[in-house]
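Have a look at the structure below before the remarks.
The values are calculated or read from the model by the stated rules, or taken from the named source; none is laboratory data. It should be emphasised that the depicted structure is a prediction, and the values quoted were computed from it without experimental measurement. In this analysis, Cβ positions are derived from the backbone assuming ideal geometry, glycine residues included, and neighbour counts consider all displayed protein chains.
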């Protein structure tokens, strides 16, 4: 190839495949900037994630109980009082931070745990180390229950009314503030 | 006084970095050699300024100068000297300064080492490195001044997070930073090459040592971090897929791809635009990793928002450091014409597969890391996708990569030979079958995943050995010793790194599938059986450390009644910081580690003990060490036998 024809080839102008990386980056950066500035200006409120399940009955996908693997977790057994259903896992770091708040909550409210995509042995070790606030623990090994509930990730919690309808979803760990400002009001309303 | 000197040196470095960023580029544009040559002395002055500033900050930490605000908030007079020094980079401002130290030092090394380089390429590379340095010096001076004073000075400091008072963590950040920042050189070379509108085999040969060095440092840095997490966090795990770890894994994967693709540019003059893009993306990932996710710098999206000036500045730097080169790539990339083509059975094609898989793995990690962060930004919820996601996505990609890895090296440039391929394929299949049969025979109740893993590792090991045999056969020397000697050092480096992968996988598999674990509540005198050993809980005692007090459990590890070791896991209370840490007790052996952690408890209730036997776990880090060693061997080999670059410019 001579120098001339190389220069000829150079004038073919921009090609789409070479622009794509820039476009992809600008989209991501735009998203990040929008989120950052919205957070800075205070217009974006760390609100609850919407859930299509709100005011609908909680999906009843049977999962085995952690204790022996023989029984099945049925939320109907707990009907007649508000519940908190908490999806957690031993591999989930923020779940460790929830332990104190959940222990406090469990003094007055029935708390049901769902071990999400976790090995039962790991779940047991986790509960030994960080405490067990749960009245019953379901094992959702393959995540099928989580899928039915629309779980984004762990930890995630749901307040279920006395009649078995979903009242509130909270994604992320429950700390004292969330407990006082989000979870407890929902449970009070349910009573 | 020393602090003011440091601050002044930092300002001097910033002003000089502006000079490095602008004047040499003007020189290139005007063809003015005098202006171009300014890049070298100006880079050296900039480097000197930063080094003086860093030395001043270390001095402030070592002498516990509590009139410096940073020292007060991150140090304490009762701390051992080594942790006073490492405390310098155990915080946002100091770690940023360390980052800059490495950034400018690499530029300074280039001024000395790149003598044979074309003047324009070298000048442009230095100028780009200067622009990056200027941006971060401005970030440091205007938003994160490490030398800010505190008046009146307090009597003592607030201490350093006790988890960070650890030799592994004293070394981990500097090593990792050398890797992250080493990629800035690949980046600067790529941008300079785009400005030249010319990437050739010589370019690849100049940039290659920087990529290899960065990759080795990243490998060691990640391994140190993983090792630290293993023995310090007390969870017995070695990789948690948390955002901080992923932030270092992504540049590693991209750099692994880059090492392979740049070798194609160096040997064949093709894959140019892809290599340039990869160099830009690898550094972008290390920027994103260091500054958005890393807890020392910006704890999470929360601290991003809590300090608006920093958040906006960082976003600005990222936009400018990633966006402009990508725009340049869109404009100039199409000009990078390839010098040839490649065949489906050739090393070029094998490396293309390698790059495709590594890029896919990087994207998978990127999504798994930023989906939760993105969700947090949008909704404020902090969740994690965790290992199930990565097991389902990352592991299969790596599995295919490992299978393909057996074949890559035996293929020759341009056109692979079938005898070599046949030898590798038959060896890999025989080794895999033998390993699977051995697994079935020796391990009762082995899982399907375990068999697949063993087979895959043997496949790769068999393939590498076959490649060794094949290459030694091909040399014209007679006798085993002479044949060994005929193999060039870079090839040994490649084998070493690939065998490192085998060793790493053995460790990961042994620990993942065959680990035993017991979590018990025990009282002194209790005996626990684990993996054929007896562990006797002898008792608990309180001990006094240099700046902490402990509660230490004494566990006697016996096999067949014979005392093997006393394990002493402890919980420490750091008195200055009022924080506790868990120190696991580990008996490391090549065949596997015994690992014990003391949980909470009291004399009445008993104490929670977590005991593990982890077969082959240390092979994980040994494998990483071999990989890094392989990188060093390859780099040394190329430095000793430099390719005659002048010849490359001649038409082939």
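Of note:
- Unmet requirement for residue B:616, which otherwise passes all of (1) touching a residue at least 24 places away in the same chain (Cβ under 8 Å); (2) over 31 Å from the mean Cα position of the chain (by Cα); (3) at positive phi: (2)
- Tally, over the stretch B:107-117, of residues that are crowded, with 22+ Cβ neighbours inside 10 Å and touching a helix residue (DSSP H, G or I) at 6+ places or on another chain (Cβ under 6 Å): 1
- Verdict on residue B:485 being surrounded by 15 or more Cβ atoms within 10 Å (Cβ to Cβ) and either in the same structural domain as residue B:270 (by TED's automatic domain parsing) or in a helix (DSSP H, G or I) (or both): no
- Residue list for the stretch A:15-59, restricted to those being modelled with pLDDT of 75 or more, part of a loop (DSSP other than H, G, I, E, B) and exposed (fewer than 13 other Cβ atoms within 10 Å of the Cβ): A:15, A:55, A:56
- Candidates in the stretch B:424-443 are the residues that are buried (at least 19 other Cβ atoms within 10 Å of the Cβ) and under 30 Å from residue B:271 (Cα atoms); of these, the one that is modelled with the highest pLDDT is B:428.
- From the list A:101, A:89, A:97, A:171, the one residue that fits, being touching a helix residue (DSSP H, G or I) at 6+ places or on another chain (Cβ under 7 Å), touching a residue at least 60 places away in the same chain (Cβ under 8 Å), within 27 Å of residue B:520 (Cα to Cα) and within 10 Å of chain B (Cβ to nearest Cβ), is A:89.
Residues checked against (1) modelled with pLDDT of 90 or more; (2) buried (at least 18 other Cβ atoms within 10 Å of the Cβ); (3) in the same structural domain as residue B:569 (by TED's automatic domain parsing):
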{"residue": "B:229", "(1), (2), (3)": "no, yes, no"}
{"residue": "B:233", "(1), (2), (3)": "no, no, no"}
{"residue": "B:241", "(1), (2), (3)": "no, yes, no"}
{"residue": "B:248", "(1), (2), (3)": "no, yes, no"}
{"residue": "B:283", "(1), (2), (3)": "yes, yes, no"}
{"residue": "B:287", "(1), (2), (3)": "no, yes, no"}
{"residue": "B:314", "(1), (2), (3)": "no, yes, no"}
{"residue": "B:319", "(1), (2), (3)": "no, no, no"}
{"residue": "B:324", "(1), (2), (3)": "yes, no, no"}
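- Meets criteria (under 24 Å from residue B:18 (Cα atoms), touching a helix residue (DSSP H, G or I) at 6+ places or on another chain (Cβ under 9 Å) and surrounded by fewer than 22 Cβ atoms within 10 Å (Cβ to Cβ)) for residue B:64: no
- When restricted to residues that are in a helix (DSSP H, G or I) and either in contact with a strand residue (DSSP E or B) (Cβ under 8 Å, 6 or more places away or on another chain) or under 19 Å from residue B:616 (Cα atoms) (or both), the stretch B:441-458 contains 11.
- Residue pairs whose Cβ atoms lie under 6 Å apart, separated by 6 or more positions or on different chains, with the first residue in the stretch A:121-134 and more than 7 Å from chain B (Cβ to nearest Cβ) and in a helix (DSSP H, G or I) and the second buried (at least 18 other Cβ atoms within 10 Å of the Cβ) and at pLDDT 80 or above, are A:122/A:90; A:123/A:90; A:123/A:115; A:126/A:90; A:130/A:99.
- Residues (assigned to a helix (DSSP H, G or I) and surrounded by 16 or more Cβ atoms within 10 Å (Cβ to Cβ)) located in the stretch B:139-156: B:139, B:140, B:141, B:143
- Residues (at pLDDT below 90, surrounded by fewer than 23 Cβ atoms within 10 Å (Cβ to Cβ) and within 18 Å of the chain's Cα centre (by Cα)) located in the stretch A:92-115: A:93, A:94, A:96, A:97, A:99, A:101
- Whichever residue in the stretch B:546-573 is part of a loop (DSSP other than H, G, I, E, B) and exposed (fewer than 15 other Cβ atoms within 10 Å of the Cβ) and, among such residues, is modelled with the lowest pLDDT: B:546
- Taken over the stretch B:88-117, residues that are at pLDDT 85 or above and assigned to a helix (DSSP H, G or I) amount to 20.
- Residue within the stretch B:198-213 that is under 13 Å from residue B:254 (Cα atoms) and either surrounded by 24 or more Cβ atoms within 10 Å (Cβ to Cβ) or at pLDDT 95 or above (or both) present: yes
- Conditions (1) closer than 23 Å to residue B:599 by Cα; (2) surrounded by fewer than 23 Cβ atoms within 10 Å (Cβ to Cβ); (3) within 11 Å of chain B (Cβ to nearest Cβ); (4) touching a residue at least 24 places away in the same chain (Cβ under 8 Å); number of the one not met by residue A:118: (2)
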